[in-house]
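Scroll down for the structure; my scribbles are underneath it.
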Amino acid sequence: MMNLNHTAPIVENVFGISWLDFNLANVLMIAVSSAIVFILSVLASRRLQMKPTGLQNFMEWIVDFVKGIVNDTMDWKTGKMFLPLGLTLITYILVSNLLGVATVGVWGHDLWWKSPTADAGITLTLSAMVVVMTHFYGIKIQGTKHYLKGYVSPVPLMLPFKIIEEFTNTLTLGLRLFGNIYAGEVLLGLLVSLAMSGVLGFLGAAAPMIVWQGFSVFIGAIQAFVFTMLTMVYMSHKVSSDH
Amino acid sequence: MYSYIDVLTIGASVGGFRVGDMLTQLFFFLLLLFLVKKFAWGPVMNMMQKREEYVAGEIESAEKSRLDAEKASKEAAAQLKQTKQEAQKMIEDARMAGTTQQENIIAAARAEAEKIKQDAQADIQNEKEKALQALQDKVASLSVLIASKVIEKEISEQDQEKLINDYIKEAGEEL
């Protein structure tokens, strides 16, 4: 991205379908992030033992961390089925966020290597998927009747607000992640272009860039946590009987 | 589909929602979810579950063996107490037996002494009687001799002896 007038490797009308467009950079980075998460997870969970050592400790720490998030929002009996979802979300989003902070790649004029989560479409896909899942599990666990009753409680007047809430939840969940990561990449891009402008520019950009990269790592971790946390909050609204 | 990316001054990636990206993301995420659940988190969570159960089991068995040990120690204490009591009783018995024996021995010794004393007294009495008898005989014959000489009166030796015996008996009773 780093020269601000870099473009994206977009292919349009794939298979002659008018609405099917791809940003190949996103496709690449989604695949890369997924692969990294998968490989790291599998490598870290090899040779599991009763007495944990090394990476197994780390994996178990993550499990306990996400378990804590789930436990904060709902009781463990229903919550434990969402543990793999929370684990996958937090690791995938964290890796995606950090990819664009640590490394950036431009090929020709196109920006290829970046955070997949710096794209609103992708974060909204994730958030929409989460919200759809909450509805699915809401019906599955509480039953259709209880699920529908949730829209008109405590009073039927709430119905329009409840419906709007589902969409605002989706939007805020996705756009919060996108905004944070995209803003981070934009500022990082500005600093890089400043560094490329000359010796003085390089010297001037080095210190703020290190600071901003550190901060972006922090932001990336926080946003991964927030996304997972809110996912569990929305899920608990739908699957817990006290709502 | 026309993308308005090119007209934006900043950034390459903000833009319209490309359905292809979204489908890709959805597909990859669900695939990733399935794969890590099966190959990474599933085993890790299973292991944690197993450990939890193991720890719970260990705690339970430790509790059980603690109770067992407590029970055994109580039993041992009771047994020790009983043994002590038995030993005490034995000592008591032995002491009692000792005392009884001692008394028996003393009684026996006393009886023996008494018997010896009685024998000795009997002997003494016997000797005394013998001596008296001898004296009597002597006195009788002497008296006969004296009397026959002094009063010159002839009495039969038998009468004389009887007379003497009477006197001796009187004297003996007075003695």
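The values are calculated or read from the model by the stated rules, or taken from the named source; none is laboratory data. These figures come from a predicted structure and were not determined experimentally. In this analysis, Cβ positions are derived from the backbone assuming ideal geometry, glycine residues included, and neighbour counts consider all displayed protein chains. Protein only, heavy atoms only, side chains kept; ligands, DNA and RNA dropped before computing areas. Shrake-Rupley method; radii C 1.70, N 1.55, O 1.52, S 1.80 Å.
Comparing A:Ser41, A:Ser115, A:Ser216 in a Gaussian network model of chain A (Cα springs below 10 Å), the most mobile by mean-square fluctuation is A:Ser41. Hey, what angle do you get for helix B:157-174 against the long axis of chain B, alpha-carbon based, 0 to 90 degrees rounded to 10? Between the helix axis and the principal axis of chain B, the angle is about 40 degrees.
Say R0 is 51 Å: what FRET efficiency, to the nearest 0.05, do A:Val199 and A:Ser153 get from their beta-carbon distance?
0.20
With only Cα atoms counted, chain B has Rg and Dmax values of 65.3, 201 Å. Of the residues B:Lys71, B:Lys38, B:Lys81, the one that moves most in a GNM of chain B with alpha-carbon contacts below 10 Å is B:Lys38.
Keeping all protein chains in place, calculate the accessible area per residue for the range A:1-74 (probe 1.4 angstrom), answer in Å².
So the range A:1-74 comes to 51 Å² accessible per residue, rounded to a whole number.
For the residues A:Ser34, A:Ser18, A:Ser96, a GNM of chain A with alpha-carbon springs under 10 Å puts the largest fluctuation on A:Ser18. Listed by chain and number, the lysines whose C-alpha is less than 24 Å from the C-alpha of B:Lys128, apart from same-chain residues fewer than 8 away, are B:Lys115, B:Lys117, B:Lys138, B:Lys162, B:Lys169. Along the charge dipole of chain B, Cβ charges K/R +1 and D/E -1, which of B:Ala56, B:Gln136, B:Ala72 sits furthest on the positive end? Ranked along the dipole, the leading option is B:Ala56. About its Cα centre, the dipole of the range B:84-162 is roughly 320 debye, where the only charges are +1 on Lys and Arg Cβ and -1 on Asp and Glu Cβ.
With the charge dipole of the protein assembly as shown set up from +1 on Lys and Arg Cβ and -1 on Asp and Glu Cβ about the Cα centre, the Cα lying farthest toward the positive end among the listed residues A:Ala195, A:Tyr137, A:Val233 is that of A:Ala195. Averaged over peptide B:44-52, the number of partner chain Cβ atoms lying within 10 Å of each residue's Cβ comes to 5. Extending 7 Å from the Cα toward the beta-carbon at both B:Ser65 and A:Thr172 defines two label points whose distance is 5.5 nm. Modelled spin labels at B:Val55 and B:Thr100, positioned 7 Å past Cα toward Cβ, are 6.8 nm from each other. Dipole orientation for the protein assembly as shown: of the candidates A:Val95, A:Asn180, B:Ser156, A:Asn180 has the Cα lying most toward the positive pole (charges on Cβ; Lys, Arg +1; Asp, Glu -1). Please report the net charge: other residues with Cβ closer than 10 Å to the Cβ of B:Asp21, K and R +1, D and E -1. For residues surrounding B:Asp21, the net value is -1.
What translational D, rounded to a whole number of µm²/s, comes out for the range B:94-160 from Stokes-Einstein when the hydrodynamic radius is the Kirkwood one over Cα pairs, at 10 °C and 1.306 mPa s? Rounded, D is 98 µm²/s.
Enclosing the Cα atoms of the range A:10-239 in their convex hull gives a volume equal to 179 cubic angstrom per residue. Computed over the range A:40-159, relative contact order equals 11 percent, with contacts defined as Cα pairs under 8 Å that lie 6+ residues apart. The helix-based estimate of mean residue ellipticity at 222 nm for chain B, built from -39,500 (n - 2.57) per DSSP H run of four or more residues and divided by its residue count, is -31000 deg cm²/dmol to the nearest 500.
The length gained by stretching the chain between B:Asp137 and B:Lys149 to full extension, at 0.36 nm per residue less their Cα-Cα distance, is 2.5 nm.
To the nearest 20 Debye, how big is the dipole of chain B about its Cα centre, given +1 on the beta carbon of each Lys and Arg and -1 on that of each Asp and Glu?
Computed charge dipole of chain B: roughly 2140 debye.
Only lysines eight or more places from A:Lys51 in sequence, or on another chain, were considered; those with a Cα closer than 17 Å are B:Lys50.
In this rough spin-label picture, where each label sits 7 Å from Cα along the Cβ direction, the B:Asp93-B:Phe27 distance is 9.7 nm.
FRET efficiency for the pair A:Glu165 and A:Val42, taken as 1/(1 + (r/R0)^6) with r the Cβ-Cβ distance and R0 = 30 Å, rounds to 0.20.
Given charges of +1 on the Cβ of Lys and Arg and -1 on the Cβ of Asp and Glu, with all other atoms neutral, how large is the dipole of the range A:10-239 about its Cα centre, in debye to the nearest 20?
860 debye
Can you give the Rg/Rh ratio of the protein assembly as shown, where Rg is from the C-alpha atoms and Rh is the Kirkwood radius? With Rh from the inverse mean 1/r over Cα pairs, Rg/Rh is 1.95.
Taking a straight line from the alpha carbon of A:Lys140, these lysines sit under 21 Å away, with near neighbours fewer than eight places off in the same chain left out: A:Lys77, A:Lys80, A:Lys149, A:Lys162, A:Lys238, B:Lys37. Provide the FRET efficiency to the nearest 0.05 for the B:Ala78-A:Lys51 pair, computing r from the beta carbons and using R0 = 45 Å. The computed FRET efficiency comes out at 0.60. Estimated from helices alone, the mean residue ellipticity of chain A at 222 nm is -24500 deg cm²/dmol (sum of -39500 (n - 2.57) over DSSP H runs with n ≥ 4, per residue). Near B:Gln88, once Lys and Arg are set to +1 and Asp and Glu to -1 for all other residues with Cβ below 12 Å from its Cβ, the sum equals +1.
In chain A, the longest principal axis of the Cα atoms and the axis of helix A:55-73 are about 50 degrees apart.
Angle check, please: helix A:199-239 long axis (alpha carbons) against the longest principal axis of chain A (alpha carbons), in degrees 0 to 90, nearest 10. Orientation of helix A:199-239: about 10 degrees from the principal axis.
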